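Take a look at the structure set out below.
The values are calculated or read from the model by the stated rules, or taken from the named source; none is laboratory data. A quick note: this is a predicted structure, and the numbers were derived from the prediction, not measured. Because the Cβ atoms are built from the backbone with ideal geometry, glycine has one as well, and the counts that use them run over all protein chains shown.
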């Protein structure tokens with residue numbers, strides 16, 4: 001498939017208006033402050049879907065024979081059919097990649113030594129973590145997601161109509177395994193990446209590699225051959241990442257009419273998306289998935305300006321250069 005043709009992204013009147021996002025509560029456990037993110041299992045919890053009734057049940061399921069997911073999907077479609085002009089509702093499946101070799105290395109060396117030394121290396125004597133690949137555990141986590149979606153789609157879980165994937169290898173592979181043998185037409189998006197800079201695990205591979213390794217994946221227009229965003233000396237600030245991920249949301253919500261959308265990304269990027277969407281913080285384990293029901297409203301005037309903290313210089317330290325097998 002390769003590249004997609006250029007198409008309009010933001011609305012023509014975007015300079016005179018902006019999108020305002022809010023997460024809609026009372027549908028998923030993850031939005032409830034009483035739900036503890038620690039150890040939360042999307043598989044055993046039916047992705048956190050709350051057992052409840054919807055205003056459309058009497059018309060859609062008068063005999064109460066439909067599944068919770070079928071009734072939920074119908075209700076979301078009903079919302080979109082009745083939204084005021086300029087408002088849309090989407091269910092976002094936000095998936096964190098499976099365990100990568102960089103995750104194992106950080107656990108092995110400790111976060112302090114990882115941040116100040118090892119994250120800046122290509123790897124050690126036994127493991128490479130530049131544009132980190134999935135471990136066997138990480139691949140298993142993606143296959144678990146595949147099994148979950150297969151089972152739940154059969155029960156009425158809405159199949160994504162669009163898929164967006166970070167260009168980093170661990171996300172490309174996670175998405176490939178998650179949606180194996182299911183309808184899947186992913187678009188690789190540069191802005192969907194983890195925090196930029198310093199860590200070699202967050203430096204993407206060349207465009208030619210992505211096209212060769214994932215020939216069925218689309219690549220967004222304007223995607224450079226070599227990584228234009230990664231800086232070996234400066235790590236992107238949370239403020240700058242929030243702006244980048246909000247721009248991604250604006251792009252998707254302005255150009256994509258799909259109501260059910262999959263994102264395969266990273267812990268930091270998903271945290272930034274949740275902030276932009278007005279959702280509570282909910283940290284995901286590797287391989288975790290969080291659904292977020294989102295309302296986007298186009299409102300007059302430019303988006304509020306935000307102060308953006310500068311990037312953070314790469315820390316330095318002296319560590320014992322342990323190279324034993326990870």
- Just one of 281, 275 is under 27 Å from residue 93 (Cα atoms), free of Cβ contacts under 8 Å to residues at least 40 places away in the same chain and touching a helix residue (DSSP H, G or I) at 6+ places or on another chain (Cβ under 7 Å); which is it? 275
- Item | Every residue from the stretch 98-132 that is out of contact with any helix residue (DSSP H, G or I) (no Cβ under 6 Å at 6 or more places or on another chain) and not in a helix (DSSP H, G or I) | 110, 117, 121, 123, 124, 125, 126, 128
- Query: Within the group 17, 22, which residue is over 28 Å from residue 141 (Cα atoms), in contact (Cβ under 8 Å) with a residue 40 or more places away in the chain and under 20 Å from the mean Cα position of the chain (by Cα)?
  - Reply: 22
- Candidates 290, 270, filtered to the one that is in contact with a helix residue (DSSP H, G or I) (Cβ under 8 Å, 6 or more places away or on another chain) and either buried (at least 16 other Cβ atoms within 10 Å of the Cβ) or under 21 Å from residue 36 (Cα atoms) (or both): 290
- Query: What residue, of 167, 158, is assigned to a loop (DSSP other than H, G, I, E, B), farther than 26 Å from residue 236 by Cβ, in contact with a strand residue (DSSP E or B) (Cβ under 7 Å, 6 or more places away or on another chain) and modelled with pLDDT of 95 or more?
  - Reply: 158
- Message: So if I check each of 142, 95, 151, which one is assigned to a helix (DSSP H, G or I), in contact with a strand residue (DSSP E or B) (Cβ under 9 Å, 6 or more places away or on another chain) and under 23 Å from residue 178 (Cβ atoms)?
- Response: 142
- Item | So residue 197, is it more than 13 Å from the chain's Cα centre (by Cα), in contact (Cβ under 8 Å) with a residue 12 or more places away in the chain and on the phi > 0 side of the Ramachandran plot | yes
- Query: In the stretch 135-158, which residue that is surrounded by 16 or more Cβ atoms within 10 Å (Cβ to Cβ) and closer than 17 Å to residue 104 by Cα is nearest to the chain's Cα centre (by Cα)?
  - Reply: 142
- Item | Residue within the stretch 276-291 that is farther than 19 Å from residue 163 by Cβ, part of a helix (DSSP H, G or I) and at pLDDT 95 or above present | yes
- Message: For the stretch 60-78, give me each residue that is without any contact (Cβ under 8 Å) to a residue 40 or more places away in the chain and out of contact with any helix residue (DSSP H, G or I) (no Cβ under 9 Å at 6 or more places or on another chain).
- Response: 62, 63, 65
